[in-house]
Amino acid sequence: MARLSERATAGEIEEVRVRTLGRSGELTLLMRQLGGLAPEERRDAGRLLNEIKQQIEARLAELKIRLQQEALRRAVAEPPIDPTLPGLGIRRGRFHPLTVVLEQALDIFESMGFEVAETQDIEDDFHNFSALNFPPDHPAREMQDTFFLGGGLLLRTHTSNGQVRVMESRQPPLAVVCPGNCYRRDELSVRASPMFGQIEGFMVDRVGAVTLADLKGVLGEFLRAFFGPRTNLRFRASFFPFTEPSVEVDISCLLCAGAGCRVCKQSGWTEILGAGMIHHNVFRAVGYDPARWQGFAFGMGVERIALLKLGVDDLRLFFENDARFLGQFPAAGLERV
Ligand code: DAH
């Protein structure tokens with residue numbers, strides 16, 4: 001008992017209680033032995049033990065009350081809570097600008113009658129390359145471009161696999177956009193990232209029903225809806241294994257509207273996407289008869305159109321996820337997500 005100071009903690013008090021009055025406490029054991037004593041001895045010893053017990057209980061209770069008072073005093077001394085202060089507020093999350101831009105683009109294509117089909121990121125050589133008419137020694141297949149996963153699998157290097165996946169499982173007429181992530185062994189830099197988004201689009205119908213002019217019409221419609229009604233576009237001859245003819249599409253520079261500035265290197269134009277008429281070999285690979293079917297395809301980078309639309313000049317900003325950067329862009333119009 002003497003060992004319990006005035007400032008004993010709750011733990012110390014409890015420890016003493018258990019040691020003395022607990023079920024196998026010292027005093028409890030002594031009381032249990034009373035039965036073995038002669039009657040007079042038992043009376044005296046019983047009285048003595050009871051007295052000791054009461055003293056211990058009283059002392060423990062006193063120390064406990066002191067503890068409670070101490071706690072109360074401390075609580076009162078602390079600065080009071082002011083319930084009239086404004087709350088901390090809950091910051092609401094918002095969609096990432098790349099998500100917003102992607103959804104806006106898909107909305108426009110859907111409004112033109114395209115359906116959205118997501119296809120897989122993990123592909124085999126056939127769907128990412130061979131069926132798209134890449135020759136066996138094409139540089140895009142090489143180690144420095146493609147992430148190979150082993151077992152004949154790889155991370156798709158473009159969303160053009162979506163064309164193959166959709167066409168091999170369905171029959172024309174088709175008007176489909178395939179959004180998704182693509183992967184290439186690039187360092188993250190101002191203009192490139194090892195993972196990036198693309199939107200693939202294609203339309204297939206009877207020979208003569210879908211022409212290069214339709215491609216220009218669809219893309220013009222999309223680009224004006226996406227970048228603004230005064231956006232001009234032009235086709236430049238180009239090459240892709242899976243289209244013939246192939247074109248690269250430029251839009252009039254968004255900054256100078258075609259007059260020429262630093263961003264468009266005085267040309268008035270900015271490259272925006274690749275496109276063309278689907279190569280006969282692609283149709284053959286998916287089991288379509290090129291004498292019956294004809295179509296166009298296009299592919300564009302999600303980050304690329306986002307940079308231009310939002311006026312951002314460094315791709316890395318999209319991936320750093322600094323809330324101060326991300327919070328600058330409107331997140332409205334996402335009701336379909
Ligand atoms: N797959 C191409 C790339 O990743 C983009 C592309 C170009 C897709 C032309 C197309 C196309 O469908 O017709 O760079």
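The values are calculated or read from the model by the stated rules, or taken from the named source; none is laboratory data. Being a predicted model, the structure only gives us computed values, none of them experimental. Virtual Cβ from ideal backbone geometry, glycine too; neighbours counted across all protein chains shown. Note: accessible area is taken over every heavy atom of the protein model, side chains too, but ligands, DNA and RNA are not part of it. Shrake-Rupley method; radii C 1.70, N 1.55, O 1.52, S 1.80 Å.
Here are some notes:
- The stretch 175-279: GluC sites (Glu not before Pro) falling in loop per DSSP and having at most 12 other Cβ within 10 Å: E187
- Overall, the ratio between the Cα radius of gyration of the stretch 52-171 and 2.2 N^0.38 Å, rounded to two decimals, is 2.55.
- Centre separation in Å (Cα based) which lies between the stretch 151-219 and the stretch 55-121: 42
- Each of the trypsin sites (Lys or Arg not before Pro) that DSSP puts in a loop and that has at most 15 other Cβ atoms within 10 Å breaks the chain; the longest unbroken stretch is 93-169.
- Unit charges on C-beta of K, R, D, E only; dipole of the chain, Debye: 1000
- Exposure of T9 as accessible area (Å², to 10), given a probe of 1.4 Å and all protein chains: 70
- Nonlocal amide H pairs with G258, under 5 Å, H built at 1.01 Å: C253
- Carbon and sulfur %, accessible surface of the chain computed with the full protein complex present, 1.4 Å: 54
- The chain - Cys residues lacking any other Cys C-beta under 4.7 Å: C178, C182
- Neighbour-limited loop hits for GluC sites (Glu not before Pro), the stretch 1-58 (at most 10 other Cβ within 10 Å; DSSP other than H, G, I, E, B): E6
- Rolling a 1.4 Å probe across the protein heavy atoms gives the stretch 10-77 an accessible surface of 76 Å² per residue.
- Around the amide H of F240, modelled in the peptide plane, lie the amide H atoms of S246, all under 5 Å away and 5 or more residues distant in sequence or on another chain.
- Taking the alpha carbon gyration tensor of the stretch 174-263, multiplying each eigenvalue by 5 and rooting it gives semi-axes of 24, 21, 13 Å, largest first.
- Calculated on C-alpha atoms, the gyration radius of the stretch 132-284 divided by its Kirkwood radius gives an Rg/Rh of 0.98.
- Estimated from helices alone, the mean residue ellipticity of the chain at 222 nm is -11500 deg cm²/dmol (sum of -39500 (n - 2.57) over DSSP H runs with n ≥ 4, per residue).
- Set against the 2.2 N^0.38 Å expectation for a compact globular protein, the chain has a Cα radius of gyration ratio of 1.92.
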